[in-house]
Amino acid sequence: MVRFPKATTAWLLLTPMMTIIIGVVGYPLIKTVYYSFTAAHLASPATTDRWVGFKNYLKALGNTKFLDSIENTAYFVSVSVSAEIVIGVLVALLLNQTFKGRTLLRALLILPLALPTVVNAMMWRLIYGPDFGALNALLTQIGLMAEYQSWLGDPDLALWMVAVADIWKNFPLVALITLAALQTISKDLIEAATLDGANAWQRFWTVVFPAIIAPVSVALVLRTIEAFKVFDIIYVMTRGGPANSTKTVSFHVYQEAFAYMRIGSGASYALIVVLISAVLIATYLWLIKKQGNTA
Amino acid sequence: MTALSLKNINKSFGEIQVIRDINLDIKPGEFVVFVGPSGCGKSTLLRMIAGLEEISSGEFWIQDRRADQLPASERDIAMVFQSYALYPHMTLAENIGFPLRLGNQPKEIIEKKVQEIASILRLEKFLDRKPGQISGGQRQRVAIGRALARDPKVILLDEPLSNLDAALRLEMRIELAKLHKQLEATMIYVTHDQVEAMTLADRIVILNNGEIAQVGSPLDLYTKPANTFVAEFIGSPKMNLFPASITEGHPGETKINLIGSSSNLMVNKDIEPNNELHLGIRPEHMTPSDEGAIKGIVTSTEQLGSDTYIYFDSETKEQAVARLNGITAIRTGEKISFDASQEHYHLFSPGGDRIN
């Protein structure tokens with residue numbers, strides 16, 4: 001049998017996967033960077049190689065619609081992620097108590113998470129429906145509201161309503177991660193703190209909080225990265241409307257590149273989004289590394 | 001005056017009663033050890049005193065205050081856990097000072113107290129470290145330090161040495177005994193190790209199946225075990241129990257027959273005739289003698305250097321053991337006979353209670 005040096009074997013084994021990754025990730029990425037410096041348009045092949053330098057980028061950064069979409073995204077991210085963290089941690093604390101039916105509730109917690117985003121979006125669109133929606137029915141029947149509302153048709157409300165749908169689907173992830181961390185806390189520690197004279201609040205801050213802060217911050221960054229890329233739920237529920245009030249950066253990129261077919265400038269938008277994501281991902285990696293050091 | 005007082009204490013988990021009718025007074029400054037096999041209820045009893053487990057019925061008093069409904073945080077009782085239960089993200093100084101910080105003590109007082117405790121426990125050099133960066137023995141000392149910080153009325157210790165290796169266990173045992181003398185604190189210590197109980201306790205409480213089998217000083221329990229359970233639990237190797245009967249007696253003299261054996265033993269006492277007695281003799285009180293009443297065939301020996309344990313099948317069909325000083329030449333398969341002087345006889349009724 002032929003024996004290669006270890007490094008050669010490693011390269012040999014990596015080659016098939018590397019070829020695939022270069023083919024489906026590397027090449028399109030390089031091509032995207034290239035297009036972002038051109039005036040490429042899907043409908044006119046002649047434009048593909050028309051070099052425009054940094055014009056696309058300058059245009060992007062001066063485009064109020066794009067800047068609005070960044071603002072919308074920031075809104076969406078901060079509302080949905082902060083609510084997901086707060087609700088997730090509270091639910092995890094509840095599910096960490098002993099009570100009848102706890103196992104069933106823990107199992108139910110997975111359901112929203114298991115739902116495909118598109119199905120979740122369609123379900124909430126039905127709930128918010130202006131004519132036959134469950135939310136309108138509920139609020140009018142219990143007397144909180146006099147007449148039906150068009151929840152997704154109101155520019156002041158639509159982004160919040162989409163955020164609610166996203167929160168419902170994603171808080172269980174935070175809850176599960178937190179619950180896992182809570183279960184690693186030794187009962188002795190809680191009891192020791194009790195005997196040391198700590199009340200419930202002090203026990204939370206001295207024992208529980210330090211044990212869950214690291215995993216919860218990982219969940220926070222993961223959810224931020226995900227929420228920043230939000231696309232499918234917007235596509236299904238509002239298509240960015242009304243009046244662009246739910247248009248997020250991903251949706252803006254999609255519109256520019258595929259609806260208006262301006263591949264060149266779409267690519268420049270996409271790369272700006274990638275850059276922002278990269279910062280978030282770097283934060284995530286830094287957090288993971290920090291946790292590895294303290295553990 | 002009593003530090004703690006338990007009156008008719010019971011505890012049930014659902015249908016299962018784990019603690020039955022415990023009555024016990026603990027004096028200030030006393031070192032009391034709860035000992036018993038696993039599942040005897042000793043840890044549950046300790047947790048009830050701490051306030052971590054509810055008392056199903058009975059009264060619990062701390063000094064002259066009724067305390068069975070008092071929350072754990074208000075009992076002024078500290079506890080050292082088997083797992084040490086140190087706060088992993090706090091330094092040792094913060095761990096020790098934690099109960100004082102919760103009590104809103106001024107910073108200087110906390111620092112002074114932490115320094116004082118650290119010097120008693122030889123931890124000064126490690127105060128800036130976190131629990132993950134020190135050894136098991138040091139963690140143990142920090143856990144004790146945290147318990148001392150508040151000058152609590154009582155310190156509870158739940159099998160505090162069982163996570164340490166044998167050498168460290170011995171060292172910490174001696175240190176604990178010293179610490180108790182130095183601080184004159186009331187301590188309740190739970191263990192399943194009778195050696196720890198014998199060496200540390202002012203008073204031992206032996207628990208069996210949730211009941212107190214006997215309370216007394218270590219030597220009381222050794223010399224006058226109240227029943228066969230205590231007799232076998234205290235002492236190593238455990239006491240030999242031979243089936244015996246008493247059929248006749250003259251005033252001032254009773255003849256004990258070992259069942260299955262032709263030999264008799266005499267005691268200068270009046271004891272009621274009974275066919276189902278147990279005669280207990282500790283291994284260390286068996287002396288080899290050619291005419292000895294206890295006969296058997298050696299099945300194995302253990303040479304410890306300082307002692308030799310001789311295991312033998314006695315005529316009464318019981319496995320028995322004798323502990324002889326030093327090194328002996330007795331071998332497996334040999335016939336052997338032992339005697340014991342009558343002050344070392346322990347007689348137990350059929351129900352297991354002591355009768356002499």
- prompt: Treating the beta-carbon of each Lys and Arg as +1 and of each Asp and Glu as -1, no other charges, what is the dipole magnitude of the protein assembly as shown about its Cα centre, to the nearest 20 debye?
  reply: 3240
query: Can you give the calculated 222 nm mean residue ellipticity of chain A, where each DSSP H run of n ≥ 4 adds -39,500 (n - 2.57) and the sum is split over every residue, rounded to the nearest 500 deg cm²/dmol?
result: -22000 deg cm²/dmol
task: Give, rounded to the nearest 20 debye, the magnitude of the charge dipole that the range B:163-303 has about its Cα centre when Lys and Arg contribute +1 at Cβ and Asp and Glu contribute -1 at Cβ.
output: 140
statement: Highest GNM mean-square fluctuation among B:E15, B:E108, B:E184, for chain B with Cα springs under 10 Å, belongs to B:E15
query: In the range A:171-187, which residues have a backbone nitrogen under 19 Å from the label point lying 7 Å from B:S83's Cα in the Cα-to-Cβ direction?
result: A:178-187
- line: Non-local residues with an amide H under 5 Å from the amide H of B:N227, with H modelled 1.01 Å from N and Pro and chain starts lacking one, are B:R354
query: Per the Cauchy relation, a quarter of the hull surface: what is the mean projected area of the convex hull of the alpha carbons in the range A:54-294, in nm²?
result: 16.9
field: Inter-probe distance in nm under a simple model that places probes 7 Å from Cα toward Cβ, at B:T287 and B:S262
entry: 2.5
query: Any idea what angle helix B:136-149 forms with the longest principal axis of chain B, computed on alpha-carbon atoms, 0 to 90 degrees, nearest 10?
result: 70
query: By counting other Cβ atoms within 10 Å of each Cβ, how are B:K27, B:K335 ranked from fewest to most?
result: B:K335, B:K27
- prompt: Can you give the translational diffusion coefficient of the range B:271-356 in µm²/s, computed by Stokes-Einstein from the Kirkwood radius over Cα pairs at 25 °C and 0.890 mPa s?
  reply: 179
Of A:V174, A:V81, A:V274, the one that fluctuates the most in a GNM where chain A has Cα springs shorter than 10 Å: A:V274
- request: Enter the Cα centre distance for the pair the range A:208-283 and the range B:83-124, rounded to the nearest angstrom.
  value: 48
message: From the convex hull of the Cα coordinates of the protein assembly as shown, what is the mean projected area in square nanometres?
response: 50.0
- line: Taking Cα atoms only, helix B:107-120 is inclined relative to the longest principal axis of chain B by an angle, in degrees rounded to 10, of 30
- request: Treating each Cα of the range B:193-329 as an identical point scatterer and ignoring solvent, apply the Debye formula and state log10 I(q)/I(0) at q = 0.10, 0.11, 0.15 Å⁻¹.
  value: -0.40, -0.48, -0.87
query: Just how far, in whole angstrom, is the range B:184-249 from the range B:1-46 if you go by their alpha carbon centroids?
result: 16
statement: Everything considered on the Cα gyration tensor (a ≥ b ≥ c; rounded for a/c under 1.5, else prolate if a/b is larger than b/c, else oblate), the range A:1-145 must be described as oblate
task: Apply 1/(1 + (r/R0)^6) to the Cβ-Cβ distance of B:D270 and B:E211, taking R0 = 41 Å, and write down the FRET efficiency to the nearest 0.05.
output: 0.85
message: Place a point 7 Å from Cα of B:D193 in the direction of its Cβ. Which residues in the range B:108-146 have their backbone N less than 13 Å from it?
response: B:137
query: Mean separation of Cα pairs under 8 Å and 6+ residues apart, divided by the residue count of the range A:54-294: what relative contact order is that in percent?
result: 28
- line: Dividing the helical contributions, -39500 (n - 2.57) per DSSP H run of n ≥ 4, by the residues of chain B yields a 222 nm value, nearest 500 deg cm²/dmol, of -7000 deg cm²/dmol
- request: Quick one: angle between helix B:166-183 and the longest Cα principal axis of chain B, in degrees between 0 and 90, rounded to 10, please.
  value: 70
task: Write down the percent of antiparallel bridges among all DSSP beta bridges whose residues are both part of the protein assembly as shown, to the nearest 5.
output: 75
field: Mean projected area (nm²) of the alpha-carbon convex hull when chain B is viewed from all directions
entry: 21.8
- prompt: Within chain A, which DSSP H helices have Cα atoms that stretch 24 Å or more along the helix axis and a mean Kyte-Doolittle hydropathy of at least 0.0?
  reply: A:64-95, A:158-183, A:209-228, A:263-294
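Any read-out appearing in this document is the output of simple, stated calculations on the displayed coordinates, not a laboratory observation. Keep in mind that this is a model prediction, so the values were computed, not measured. FYI the Cβ positions are ideal-geometry reconstructions off the backbone, even for glycines, and counts take in every protein chain you see.
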